[in-house]
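Asks: Questions regarding the structure given below will be posed in turn.
The values are calculated or read from the model by the stated rules, or taken from the named source; none is laboratory data. The model shown is predicted, which means the values in this text are computed figures rather than measured ones. Counting neighbours? That spans all protein chains shown, and the Cβs are built from the backbone with ideal geometry, glycine included. Keep in mind that these areas ignore ligands, DNA and RNA; they rest on the heavy atoms of the full protein, side chains included. Shrake-Rupley method; radii C 1.70, N 1.55, O 1.52, S 1.80 Å.
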Amino acid sequence: MRKALVLAAKASGRTSPNPMVGALIVKNGRIIAGDYHRQAGTPHAEALVLRKVGEKARASTLYVTLEPCCHTGKRTPPCTQELIKAGVSTVVAAMKDPNPKVLGKGLRELEQAGITVVSGVLEEEARRLNEAYVKYIVEKKPFVILKVAMTLDGKIATAEGESKWITGEKARKVVHRLRSSVDAVLTAIGTVKADDPQLTARIRGGRNPIRVVIDPDLEIPPGSRLLQVPPETIIVTKEDGETGSSAKNKKYISLVKSGIKLLSFKVVLDLNWLMRKLAENGITSLLTEGGSSMNARLLEAGVVDKVMFFIAPRILGGRDSYPAVGGKTLKRLEDAQRLRDVSVKRLGEDILVEGYPDRSKPLRPPAKPDRFVLPPNPSKL
């Protein structure tokens, strides 16, 4: 199963909105074939390994990282029927598919056909591999990774907004791989105006994510690199209605004509609403690359699923330099956001700390929601 998970991970960032799936065929105690699902619309991992072994599949054992599909009405046929026809005797699945169209039905269909079924082998590892898929299927929202590059004393930029480059080359390469693995990257207008970022995956074979910009007043400069499409750019802006300026309306129309997609909100941006809207647009995973205020708002709204803090061995100091997380000041230490399943990794001279926000102890939100305005405090690596 570990080998099957390694195979599945080869398709990182390529299968959305499908999960990553790896499969192995074992016969007489020996692996005779292995493969993985490459992208949506192409053959599933189970079908690929069955094609490789042909008649040898009879009386064999299939190890697969996700419950085989059993539903129709999609671009590929049900894997359960192919397994039954091939004469596979045992199917070992890491986890059940949370998709309501499957969710145990595939395993039951195999059992009813006389196939021995085992599930739950390395389930935690399998769920971690497809954490974005699980969140998207269950909650209809993207899996959100909050990324921060900061100094040892928790600063992401000087008082003047300078942040290039806080971390080193190895850390930046990890971020480019991250961008390649997610469907979209979220930033805010302050970062755009200060840095003019591309938010692309500048690595060999990288896949560029959709860029999402929170820009309430549609201030994005016409020459911004984010307006160069492809890759796709979505701008989240305030709906002004009859009070809107003619200049903003003209800019809105011009952006739409140039291929930019716009999402409009009324008065105050609800980040949970935004997550649902992004999911409706097929975004299953989201990497955030913003500043202090945006980081605070994301945590306060409870939309962050994972944090990745890249820490450089520098001490910036300064009362006016920008902290990693801004927002309202907490009066009690017990109100601080706690993390679980924390891991630490060395990246050259830098350190990467990863963890998952503890949902039982969310960051206390501000008393009153106010207008979503972000200062120019970029946190680009």
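Asks: Conditions first: (1) of a type in the set (A, V, I, L, M); (2) closer than 20 Å to K155 by Cβ; (3) at pLDDT below 95; (4) open to solvent by 50 Å² or more (accessible area, probe 1.4 Å). A336 passes all but one, so which condition is the exception?
Replies: (4)
Asks: So which residues in the range 201-248 are exposed (fewer than 12 other Cβ atoms within 10 Å of the Cβ) and farther than 18 Å from A188 by Cα?
Replies: Matches in the range 201-248: R204, G205, P230, G241, E242, T243, S245, S246, A247.
Asks: Please find, among I283, I315, I311, the residue that is within 14 Å of K141 (Cα to Cα), of a type outside the set (K, R) and in contact with an Asp or Glu (Cβ under 7 Å, 6 or more places away or on another chain). Before the answer, list the steps.
Replies: Working: I315 fails: within 14 Å of K141 (Cα to Cα); I311 fails: within 14 Å of K141 (Cα to Cα).
Only one candidate passes the filter, namely I283.
Asks: Also: Report, by residue number, each residue of the range 221-275 that is in a loop (DSSP other than H, G, I, E, B) and touching a Lys or Arg at 6+ places or on another chain (Cβ under 6 Å).
Replies: Here is the first cut: in the range 221-275, the residues in a loop (DSSP other than H, G, I, E, B) are 221-224, 228-232, 239-240, 244-245, 258-260, 266-270.
Scanning the range 221-275 gives a single hit, E239.
Asks: Would you mind telling me which numbered condition in (1) at pLDDT below 95; (2) assigned to a helix (DSSP H, G or I) T167 fails?
Replies: Looking at each condition in turn, T167 falls short on (2).
Asks: I'm told A149 meets every condition in (1) in contact with a Lys or Arg (Cβ under 8 Å, 6 or more places away or on another chain); (2) in a loop (DSSP other than H, G, I, E, B); (3) aliphatic (A, V, I, L, M) except one. Can you identify the failing condition by its number?
Replies: Unmet condition: (2).
Asks: Suppose we filter E111, E123, E131 for residues that are open to solvent by 30 Å² or more (accessible area, probe 1.4 Å) and at pLDDT below 95; which single one remains?
Replies: Working: E123 fails: at pLDDT below 95; E131 fails: at pLDDT below 95.
Answer to the selection: E111.
Asks: A follow-up question, please. Out of V353, V344, report the one residue that is hydrophobic (A, V, I, L, M, F, W, C), loosely packed, with under 12 Cβ neighbours inside 10 Å, out of contact with any helix residue (DSSP H, G or I) (no Cβ under 7 Å at 6 or more places or on another chain) and at pLDDT 80 or above.
Replies: Working: V353 fails: loosely packed, with under 12 Cβ neighbours inside 10 Å.
From the options V353, V344, the qualifying one is V344.
Asks: Moving on. In the set D183, D196, which member is over 13 Å from the mean Cα position of the chain (by Cα) and open to solvent by 10 Å² or more (accessible area, probe 1.4 Å)?
Replies: D196
Asks: Something else: Restricted to the range 356-381, and to residues that are crowded, with 18+ Cβ neighbours inside 10 Å, farther than 25 Å from K170 by Cα and among the aliphatic types (A, V, I, L, M), which residue is modelled with the lowest pLDDT?
Replies: Out of the qualifying residues, it is L374.
Asks: Sticking with this structure for a sec: Over 23 Å from the mean Cα position of the chain (by Cα) and surrounded by 15 or more Cβ atoms within 10 Å (Cβ to Cβ), is that true of K251? It would help to see each step written out before you state the result.
Replies: On the way: over 23 Å from the mean Cα position of the chain (by Cα): yes; surrounded by 15 or more Cβ atoms within 10 Å (Cβ to Cβ): yes.
So K251 fits the description; yes.
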